[in-house]
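Peer 1: Here it is, the structure in full.
The values are calculated or read from the model by the stated rules, or taken from the named source; none is laboratory data. This is a predicted model, so every value here is computed, not measured. Cβ placement follows ideal geometry from the backbone for every residue including glycine, while neighbour counts extend to all protein chains displayed. Ligands, DNA and RNA are stripped out before the accessible areas are found, and what is left, the full protein with its side chains, is counted by its heavy atoms. Shrake-Rupley method; radii C 1.70, N 1.55, O 1.52, S 1.80 Å.
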Amino acid sequence: MGLAPMKPFHVTIEGKIPDDRIDVFQRLYEEAFGPLRTKAIARQVLHPDEFRAEMIDPRVDKHVARLESGEPVGVTTLTKHLDTVPWISPHYFTARYPEHAARDAIYYVGFTLVTPSARQGLAFHAMIKSVVQVLVAERAAVGWDICSYNNTRFSFADSIRAVLDKQANVEVVVEDSQIYYAARFTGDGATKGG
């Protein structure tokens with residue numbers, strides 16, 4: 001006896017998540033991003049008040065993957081208001097993409113998550129398709145970031161590039177990187193030569 005076919009996810013685009021639903025999204029976010037607290041040097045997890053602010057900010061579109069029941073299983077945030085993304089430099093994007101800046105067509109994907117209990121491929125693809133439709137319609141430039149843990153462990157960059165290549169004519173390039181270092185001092189506590 002085979003498995004019943006999985007019903008497709010549907011995606012809604014929401015400017016503001018209602019206050020009484022934010023806890024549901026916070027749990028999804030924590031399931032997906034919580035483990036990164038010990039996997040990446042740069043803070044990858046928004047504090048609860050930061051997360052709530054993003055969920056209620058109408059300048060940040062939330063592409064929400066939902067089951068037929070309406071239960072959310074994933075969310076991708078997308079904004080053209082780059083000042084809502086505290087970890088990037090809007091000036092960089094304006095200088096790099098002046099024609100897009102003149103048309104107000106520069107976007108940033110803040111985060112994409114899918115609950116581990118969902119069929120990640122289907123929900124992920126549905127949300128990215130929704131985002132790509134917006135970007136194609138505006139002939140936009142878009143940025144996003146991936147921590148090295150997620151990129152190395154899950155090949156997120158390759159997965160995103162493959163999805164984008166299937167959905168649109170797009171050029172994907174690495175724009176920047178930041179390497180974190182750490183030093184561990186060993187020995188008896190004395191300095192050399194002194």
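Peer 1: Right, Glu31: within 23 Å of Ser148 (Cβ to Cβ), without any contact (Cβ under 8 Å) to a residue 60 or more places away in the chain and within 19 Å of the chain's Cα centre (by Cα) or not?
Peer 2: The answer is no for Glu31.
Peer 1: Something else about it: Among the residues of the stretch 95-113, is there at least one that is farther than 22 Å from Pro72 by Cβ, hydroxyl-bearing (Ser, Thr, Tyr) and surrounded by fewer than 15 Cβ atoms within 10 Å (Cβ to Cβ)?
Peer 2: Among the residues of the stretch 95-113, not one is farther than 22 Å from Pro72 by Cβ, hydroxyl-bearing (Ser, Thr, Tyr) and surrounded by fewer than 15 Cβ atoms within 10 Å (Cβ to Cβ), which makes the answer no.
Peer 1: If you check Thr12 against the conditions, is it modelled with pLDDT of 95 or more, of a type outside the set (A, V, I, L, M), exposed (fewer than 14 other Cβ atoms within 10 Å of the Cβ) and more than 16 Å from the chain's Cα centre (by Cα)?
Peer 2: yes
Peer 1: Follow-up. Of the residues Arg52, Arg59, which is touching a strand residue (DSSP E or B) at 6+ places or on another chain (Cβ under 8 Å) and either open to solvent by less than 20 Å² (accessible area, probe 1.4 Å) or under 26 Å from Val134 (Cβ atoms) (or both)?
Peer 2: Criteria check complete, one pass: Arg59.
Peer 1: Another question about this same structure. Could you please let me know if Leu113 is hydrophobic (A, V, I, L, M, F, W, C), touching a residue at least 60 places away in the same chain (Cβ under 8 Å) and out of contact with any helix residue (DSSP H, G or I) (no Cβ under 9 Å at 6 or more places or on another chain)?
Peer 2: No, not satisfied.
Peer 1: Going by the conditions given, is Asp176 among the acidic types (Asp, Glu), open to solvent by 100 Å² or more (accessible area, probe 1.4 Å) and modelled with pLDDT under 85?
Peer 2: no
Peer 1: List pairs: first in the stretch 161-181 and free of Cβ contacts under 8 Å to residues at least 24 places away in the same chain and over 13 Å from Lys129 (Cβ atoms), second open to solvent by less than 100 Å² (accessible area, probe 1.4 Å) and assigned to a loop (DSSP other than H, G, I, E, B), Cβ under 7 Å, 6+ apart or cross-chain?
Peer 2: Listed by first residue and then by second, the contacts come to Arg161/Val172.
Peer 1: Still on this model: List the residue pairs whose Cβ atoms are under 6 Å apart, where the first residue sits in the stretch 60-79 and is among the acidic types (Asp, Glu), the second is assigned to a loop (DSSP other than H, G, I, E, B), and the two are 6 or more positions apart or on different chains.
Peer 2: Glu68/Lys7
Peer 1: Name the residue, out of Gln167, Gln133, that is modelled with pLDDT under 90, within 26 Å of Thr12 (Cα to Cα), open to solvent by 50 Å² or more (accessible area, probe 1.4 Å) and not β-branched (Val, Ile, Thr).
Peer 2: Every option except Gln167 fails the conditions.
Peer 1: So Thr152 passes all but one of these: (1) of a type outside the set (D, E, K, R); (2) open to solvent by 90 Å² or more (accessible area, probe 1.4 Å); (3) in a loop (DSSP other than H, G, I, E, B). Which condition number does it fail?
Peer 2: Result: Thr152 fails condition (3) only.
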